[in-house]
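As structure tokens, the structure follows; a few thoughts come after it.
The values are calculated or read from the model by the stated rules, or taken from the named source; none is laboratory data. Here the structure is a predicted model, which is why all the values come from computation and not from measurement. Positions of Cβ are backbone-derived with ideal geometry, glycine not excepted, and every protein chain shown enters the neighbour counts. Side chains are part of the model used for accessible areas, which takes the heavy atoms of the whole protein and leaves out ligands, DNA and RNA. Shrake-Rupley method; radii C 1.70, N 1.55, O 1.52, S 1.80 Å.
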Amino acid sequence: MRRGRDEGAGGWRAAGPLRRRGLLMRMLAVTVLVAACSVAATAWIAVRTTSGAIDKQQGQVLADDTLLLDTLTGYAATHRTWDGVRPVIRDLARKTHRRIALTTQGGTPVSDSAPRPGGLPGRAWAVIDPLSVNRADPIDPRATGPFRLTAAEERTLDAYATRQVGCLREQGVEATVVTTPSGRPEVRTFTGSDDQRATACDGSQLAEPTPTERAALHDLDARVAECLKDTGLNGVQVAPDFTWRLVAAEASPRRQGAERRVPACITQGRRALLKSSVAPPAQLFVGPEGPATQRFHLSGTGIAQVAGAAGLVLALAVGVSVLAATRLARPLRALTDAAQRMRDGGSALVPVTTGDEIGQLTRTFNDMAVHRDRLERQRRVMVGDVAHELRTPLSNIRGWVEAAQDGHVPADEDLLASLHEEAVLLQHVIDDLQDLAAADAGELRTHPEQLDVAELAHQAGSAYRARAEAAGVRITVEASREHWIEGDPVRLRQIVGNLLSNAIRHTPADGSVELRVTAAGDLTVIEVADTGTGIAAEDLPHVFDRFWRAEKSRNRTTGGSGLGLAIVRKLMEAHGGTVSVDSTVGAGTTFTLRLPN
């Protein structure tokens, strides 16, 4: 026995090292994986940091180059000489931390931010000429010369532009005024070119050239005509925006080719008119602010060392990495592609290929995509429905008020009653929307208290009996005993009232509506059953949707706002209960409420 115990003890002693070795291997594997992830993350951060620094530096250089060209070209376009450019050069040098120098095309110095005995910094980097820029229009728009409007002309055109913007806004078109470098205002709209509303306002006064522009355009027309004198086009007229139209032309087989020369002739004429109003072309030299220094350098050897060390560590876990990558990458890539398709508005369902957490994530993603599509469709429908529901009473109120203002109808008690009816209808829609908004935000408040559902049912039946009798419908209440629950009496009256109102509305004359209160275990059941027209089976899943109506014509004699049943469902959820519907076309409909006791 002792030997057996010793052997057993030995077996027990041997089990410890085995477990320790297993634990050690697991810890070692985890350590290797953590080390691999750390090295990979460090390398990634280093690469991203390096790339980011390089990209930032390149972006800053590009921004500085753009600033230099734009600022100096703008100066040349608005000044006749380079005499006052020195402060501008110094300011640009301070902002860009570079040496900037300008010379004439003949090499005569104009200005230098940091003159040195060694001369100019390298070769000419660019030529600053506002009459020859690298754009679709080779003339910088800031070069206006004789086309610059006087202050009085600007005030007159601003008044025209302001009046046109006011007219457009009255038409429902959002517009703004943008002033061009010549001082001419332009009206720009935020609609498509095919919007007919944008053409309803007369802009001819704003488009008419001013005396200053007419004089400049007269000279320009003469220069264009001189340029085209041998082509047969002797009637080209240029507009203030430098578009052109043909007033007269001789019949000539060369006419089509001559018309292609018109833009070049217009540009040539503008250059001739503007030459005396802008600074002469100048050469731009750009160099380092001080002695060149090495700011950043990443050698190939350093990259190889980092890559070698990372590869050595990663080689210890390559098997696990390959297995994990193969298992995780494929479904994650599919989820990524689906997310991108969802972002672009496409289908986002992903096939479920595994039963693990990735598979569960895929199923959850698919459910989310389906739910998102459904919510998006509901949102679009709801926006249109809200607009329709609010537009109808508002249009009626506006129509009656305008008719009364114009004297077509008397402002008597009948008119006030009609306006009051439309206002009540509008208020009803707004109240319903507020209830739904509060429910969606989780702010729908209830004030529960002990109440007898049977008594509440009798009160509701009495309240709606007169309406039912007026429609020729018989209403009965069956609640033989007390049914006490914890609930908000006002909200429950609202629920039962909505159901009774719908039942009476959809039940023909000589029909009946029955309100029943029964008990089912620990639940109190309220049923509203009618003998009305019923609801088609394909429509039953949508009866609690917002703005849904069985009557598609939206006739208010056969349907309300379409929000009542949606509110019923939200109020039942607030009470911890449920609502369901059962219907047969031509036989009737039964709504069932289940509330906890």
Restrict the check to segment 172-181 and report whether at least one residue is open to solvent by 50 Å² or more (accessible area, probe 1.4 Å), without any contact (Cβ under 8 Å) to a residue 24 or more places away in the chain and touching a helix residue (DSSP H, G or I) at 6+ places or on another chain (Cβ under 6 Å).
-> yes
Tyr75 versus (1) in contact (Cβ under 8 Å) with a residue 60 or more places away in the chain; (2) in contact with a Leu (Cβ under 9 Å, 6 or more places away or on another chain); (3) closer than 29 Å to Glu213 by Cα; (4) surrounded by 18 or more Cβ atoms within 10 Å (Cβ to Cβ): which is the lone unmet condition?
-> (2)
Taking Asp510, is it under 22 Å from Lys570 (Cα atoms) and out of contact with any helix residue (DSSP H, G or I) (no Cβ under 7 Å at 6 or more places or on another chain)?
-> no
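Look at segment 139-163 and say how many of its residues are part of a helix (DSSP H, G or I) and either among the polar types (S, T, N, Q) or within 40 Å of the chain's Cα centre (by Cα) (or both). I'd like the intermediate steps shown before the answer.
Start the filter on segment 139-163 by keeping residues that are part of a helix (DSSP H, G or I), which leaves 145-147, 151-163.
Then drop every residue that is not either among the polar types (S, T, N, Q) or within 40 Å of the chain's Cα centre (by Cα) (or both), which leaves 154-163.
Within segment 139-163, residues that are part of a helix (DSSP H, G or I) and either among the polar types (S, T, N, Q) or within 40 Å of the chain's Cα centre (by Cα) (or both) number 10.
If I filter segment 96-106 down to residues being touching a residue at least 40 places away in the same chain (Cβ under 8 Å) and assigned to a loop (DSSP other than H, G, I, E, B), which single residue comes out as nearest to Val61 (Cα to Cα)? It would help to see each step written out before you state the result.
From segment 96-106, those touching a residue at least 40 places away in the same chain (Cβ under 8 Å) are 97-105; that's our starting set.
Cutting the leftovers down to assigned to a loop (DSSP other than H, G, I, E, B) gives us 97, 105.
Details: His97: 10, Gln105: 25 Å.
By that ranking, first place goes to His97.
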Are any of the residues in segment 81-95 at pLDDT 70 or above, among the aliphatic types (A, V, I, L, M) and not in a helix (DSSP H, G or I)?
-> yes
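Could you count how many residues in segment 146-163 are open to solvent by 30 Å² or more (accessible area, probe 1.4 Å) and touching a Leu at 6+ places or on another chain (Cβ under 7 Å)? Working first, answer last.
Let us first name the residues in segment 146-163 that are open to solvent by 30 Å² or more (accessible area, probe 1.4 Å), namely 146, 148, 150-152, 154-156, 158-160, 162-163.
Applying the additional criterion that residues be touching a Leu at 6+ places or on another chain (Cβ under 7 Å) yields 146, 160.
Count: 2.
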Looking at Ala126, is it modelled with pLDDT of 90 or more and among the small types (Gly, Ala, Ser)?
-> no
Considering segment 454-502, residues that are crowded, with 17+ Cβ neighbours inside 10 Å and out of contact with any helix residue (DSSP H, G or I) (no Cβ under 9 Å at 6 or more places or on another chain), and then whichever is nearest to Asp522 (Cα to Cα), we arrive at Ala454
Give me the pairs, please: first residue somewhere in segment 152-164 and among the aliphatic types (A, V, I, L, M), second residue anywhere and open to solvent by less than 50 Å² (accessible area, probe 1.4 Å) and in a helix (DSSP H, G or I), beta-carbon distance under 7 Å, and either six or more positions apart or on two chains.
-> Leu157/Leu206; Ala161/Leu206
Looking at Leu131, is it among the aliphatic types (A, V, I, L, M), at pLDDT below 90 and open to solvent by 90 Å² or more (accessible area, probe 1.4 Å)?
-> no
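If you check Gly172, Gly166, which single one turns out to be more than 30 Å from Ala282 (Cβ to Cβ), part of a loop (DSSP other than H, G, I, E, B) and of a type in the set (Gly, Ala, Ser)? It would help to see each step written out before you state the result.
Details: Gly166 fails: part of a loop (DSSP other than H, G, I, E, B).
Just a single option satisfies the conditions, and that option is Gly172.
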Scan of segment 110-138 for residues that are in a loop (DSSP other than H, G, I, E, B) and either among the polar types (S, T, N, Q) or under 23 Å from Arg80 (Cα atoms) (or both), ordered by number = Ser113, Ala124, Trp125, Asp129, Pro130, Leu131, Ser132, Val133, Asn134, Arg135, Asp137, Pro138
The number of residues in segment 74-100 that are among the β-branched types (Val, Ile, Thr) and in contact with a Lys or Arg (Cβ under 8 Å, 6 or more places away or on another chain) is 1
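Okay, residues lined up against (1) within 16 Å of Asn597 (Cα to Cα); (2) among the β-branched types (Val, Ile, Thr):
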residue	(1), (2)
Pro448	yes, no
Ala463	no, no
Ile475	no, yes
Ser480	no, no
